[in-house]
1. Among the residues of segment C:182-194, which ones are touching a residue at least 40 places away in the same chain (Cβ under 8 Å) and either of a type in the set (Lys, Arg) or closer than 15 Å to residue B:14 by Cα (or both)?
2. Determine which single condition residue C:147 fails, assuming it passes every other condition in (1) polar (S, T, N, Q); (2) assigned to a loop (DSSP other than H, G, I, E, B); (3) open to solvent by less than 10 Å² (accessible area, probe 1.4 Å).
3. Does segment A:94-109 contain any residue that is part of a helix (DSSP H, G or I) and touching a Phe, Trp or Tyr at 6+ places or on another chain (Cβ under 7 Å)?
4. Within segment A:44-58, track down each residue that is open to solvent by less than 60 Å² (accessible area, probe 1.4 Å) and more than 14 Å from chain C (Cβ to nearest Cβ).
5. Would you point out the residue of segment B:102-116, among those that are assigned to a loop (DSSP other than H, G, I, E, B) and of a type outside the set (Gly, Ala, Ser), that is farthest from ligand 2 (Cβ to nearest atom)?
6. How do the helices (runs of 4 or more DSSP H) wholly within segment A:268-353 filter down when requiring 1 or more residues that are farther than 30 Å from residue A:63 by Cβ, within 14 Å of chain C (Cβ to nearest Cβ) and open to solvent by 60 Å² or more (accessible area, probe 1.4 Å): which remain?
Amino acid sequence: MVGFLTTIFNWAQGILGLPATSLADALPWWDILWAFIYFVGAVILLIINVIMLIWIERRAAGFFQERVGPNRVGPLGLLQTVNDTIKLLGKEWIMPAAADKLIYLIAPLLIVTISVTMYGLLPYGPGITPVTLNVGILFFLAISSVNTLSVLMAGWGSNNKYSLLGGMRTVAQIISYEIPMALSIIGIVMITGSLDLGTIASSQAHVWNVFIQPVAFVIFVISALAELTKSPFDMTEAEQEFVAGYHTEYSGIRFTLFFMGEYANLFSMSALGVVLFFGGANGPFLPPWVWFIGKTYVFILFMLWIRWTFLRIRVDKMMKFNWKVLIPISLANLLLTGVGIKIWQAATGAIKW
Amino acid sequence: MYGLGLLKGLGVSLKRFWMPKITQKYPEVQPDLPQRSKGSFKYDKDTCTSCELCSMACPNGVIKVEWHKDESGKKRLDRYRMNLGHCLFCGLCVEACPTTPKSIDFKTDFALGCWRKEDIYRIWTKSYPAAEAVAPVMAPAATGSPAAAGSAGGASGSTGVASGAPEGGN
Amino acid sequence: MSDFITEADGLETQEFILNLGPQHPSTHGVYRARLIMDGETVISAENKVGYLHRGIEKLAEGITYAQFTPYTTRFDYVAGALQPWAWCLALEKLGNIVVPERAEYLRVIVGELQRIASHLVMLGSIVLDFSAITPWTYVFNAREDISDLLEAVSGSRLLVNYFVNGGVNADLPEGWIPKVEKALDSMLKRLDDFDRMVSGNEIFVGRTKGIAVVSAEEAIEYGITGASLRASGLTFDLRKDSPYSIYDRLDFEVQSMPAGDSFDRYYVRLLEIRESAKMVRQALKQLPAGDIRAKVAKVWRPAPGEAYAAIEAARGIMGYQVVSDGTVKPYRVHMRSPSFCNIGIIPAKAPGLTLQDFIAFIASLDFVLGDIDR
Ligand code: SF4
Ligand code: SF4
């Protein structure tokens, strides 16, 4: 626990540009107090991030659709989400009488907890990684698939046919698309030789992975969209079929939590894409964390562009596409990568025949 | 090639992203409506002859014209009431009105939203100077309260209640 | 429930009943389908209508002929201007009224504009059922161009009361014709963008091609009319096959598509929009001067008798049967509404579709609940 707090502390120090160990040498309780303050700061950062994301999504959607999006509350409509959140918090909590109470209540909490955990793993720059794990990417994928559980819990717990169908679809979808996603990431891991997100990011100082692994990148984008259940893979909350999918029966703060979790996941998944394919926090002139956030937002805009253009695919076709197209291609890509690495090593004399 | 249509679609949405937007900032910028736009009604109580053709033409009984006869037997208007909640905005009343310019006509002001359902009524009352008021019983009618108008009309025995518009209003 | 349990491969599954509607985002009104589902597959479907029944046929017996005209726009509220046309044609037959030539042209122009607007709504709502909100905004903006035109000429955007017994109720406003040209151009540009974005989109094609194929024979058997019929390879169109008004003077093609699946039902409407735009331009060119309304008595009492008239409305054949007993009010009015006849095919075609395809299928039939329930 103390180790975790210390890393948070170091991360915050990195962001603030303070010299390392300037305060850590002071009293130990002082250390813990500061860590706590920084932790609260990080959560606030997450909330601001979500608010920004929702604003960006709505503005961008408006621009694609010949309208301007929210523009009334605050400058450029920036406070619209704050307004909506306050409205949502004031709504009545309605719980279906026949709901499975415990599962119904835990599901929205779980989804936010997972999102916060994923935030902690991202390398925002050298020295400002909250938690450095040498199996970072493995842990990231493992944690993100727990999302499935919370969606299934919500779908089952609500005791509603639409919710259940939505939840079932999500499980099928996320679990299957995790495979091509993992396979596309393995190519990168093979090239880098590390599972640590920070190492992967810093290894791309010269050339981004997107140029080395373009096929993996396409597969990653497709499966990331599926993981995030964004269009064209938004079966889980297909309002035309399932009203609102797994969160049909949620209202008020619980609905807000689902909403927050969804956008927080959008950010962390895009950040993962940036780390894997766009060199993470590397970049000239500006501080690394600015590069990191900037790249992530560009990546998010790219995903939104796809999202607001495409139509929803049919659920069985989506499965067929995954198992019959994406997975074979990613396996072939993996094979080629392996062969390529060996050829490269032979050419540069790293291995002797 | 499979996927070409998808790329084309991406191109279209990217193009539209940069094109001018059509959003109107409504309360600040009022829409520029054509002359004929059927927003709500304007009514001229001075040219109206209380002929009730409008209320007879109306398919929904929206219009109620209340009038009395003065001693020379001429119709004098008391109250003209429209229940816009039942109106179809078909224009049959305007078409039927015989005066020129039309006593009842459309105007482009379209903001009809209201909080209380009484406010959906449009009521025009006409009052006469005391010297012109013929019978003393007419005086309360001019104040415009429905009960008073009803009793005044009853007393003079000449109030025309032409349509089946529901009672209400203030 | 025990009769719903089936055994498949030793695995016990249970069918369940899903009430799709009347409050459901994609049933296009208060339509309700009672589906028996096996997982995501529809086993059987049953139409349940009547949630929007307003008793308008009865209502017609209590008001005069002229007063009923604005009510007719309320059936198919998506194509409001076209509905009174059939009603007025029936009345004109009943009273032997000859409509002035200019009025006929104005009717065709406004009617075709309304058909464009209505088909645009259909295109928008079918892609909306695939959660494509962006192309939906394109066609609705395109429809906005048309609505502006209709508002300038009649005063209303949606429920256009323009046709009256004996003609139309107002001449064109000043400067309207150049506006039409401009609006049609801008509408077609948006439609082209929409077409590029959706019609070639592999996801859309994959989800609509070969889904719920209605053969020509079936379409005739079930009494389907309008664009949904023409999507099955037939070219039956009242505008061509029994021309009313001045359609015989216009040069146009009846659009049809061969396969009869959801995609063709969608695409034939797209083609019809382009064709209608051409027709509007032609009619504007031929537009003669003259009266816009035949003399019809203020208190109109047609001779006792019956008349039936039908037009090709936006969703199919819209017909009115009017019985007069010589008074100012109709004795009986009955209407054949296209949406009601078109949805008869749903129970026949639904089994075997997934829920997603079922939604796309009912969207491609393009029905309006006001037209079904009246
Ligand atoms: S517009 Fe039509 S419904 Fe409204 S008051 Fe006039 S006649 Fe009656
Ligand atoms: S028809 Fe015209 S003149 Fe006659 S009562 Fe109505 S508004 Fe007045």
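The values are calculated or read from the model by the stated rules, or taken from the named source; none is laboratory data. As the structure is a prediction and not an experimental result, all values here were calculated from the model. Please note: Cβ atoms are built from the backbone with ideal geometry, for glycine as well, and neighbour counts cover all protein chains shown. Keep in mind that these areas ignore ligands, DNA and RNA; they rest on the heavy atoms of the full protein, side chains included. Shrake-Rupley method; radii C 1.70, N 1.55, O 1.52, S 1.80 Å.
1. The answer is C:190, C:193, C:194.
2. Only one criterion in (1) polar (S, T, N, Q); (2) assigned to a loop (DSSP other than H, G, I, E, B); (3) open to solvent by less than 10 Å² (accessible area, probe 1.4 Å) is unmet by residue C:147, namely (2).
3. Our first condition is that a residue be part of a helix (DSSP H, G or I); within segment A:94-109, this holds for A:101-109.
So of that shortlist, the ones also touching a Phe, Trp or Tyr at 6+ places or on another chain (Cβ under 7 Å) come out as A:103, A:108.
Yes, the conditions are met somewhere in segment A:94-109.
4. Start the filter on segment A:44-58 by keeping residues that are open to solvent by less than 60 Å² (accessible area, probe 1.4 Å), which leaves A:46, A:49-51, A:53-57.
Selection gives A:46, A:49, A:50, A:51, A:53, A:54, A:55, A:56.
5. Quick first cut of segment B:102-116, residues assigned to a loop (DSSP other than H, G, I, E, B) only: B:102-103, B:108-116.
This time we only want the ones that are of a type outside the set (Gly, Ala, Ser), so: B:102, B:108-110, B:112, B:114-116.
Working: B:102: 7, B:108: 19, B:109: 18, B:110: 21, B:112: 20, B:114: 23, B:115: 28, B:116: 26 Å.
Top of the filtered list is B:115.
6. Details: elements: A:288-307, A:315-321, A:327-347.
Once the helices (runs of 4 or more DSSP H) in segment A:268-353 are filtered for at least 1 residues that are farther than 30 Å from residue A:63 by Cβ, within 14 Å of chain C (Cβ to nearest Cβ) and open to solvent by 60 Å² or more (accessible area, probe 1.4 Å), what remains is A:315-321.
Every residue, every condition in (1) surrounded by 18 or more Cβ atoms within 10 Å (Cβ to Cβ); (2) under 25 Å from residue A:254 (Cα atoms), yes or no:
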position	(1), (2)
A:66	yes, no
A:92	no, yes
A:125	yes, no
A:155	yes, yes
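A quick yes/no check of all residues on (1) open to solvent by 40 Å² or more (accessible area, probe 1.4 Å); (2) touching a His at 6+ places or on another chain (Cβ under 7 Å):
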{"residue": "C:43", "(1), (2)": "yes, no"}
{"residue": "C:62", "(1), (2)": "yes, no"}
{"residue": "C:109", "(1), (2)": "no, no"}
{"residue": "C:120", "(1), (2)": "no, no"}
{"residue": "C:125", "(1), (2)": "no, yes"}
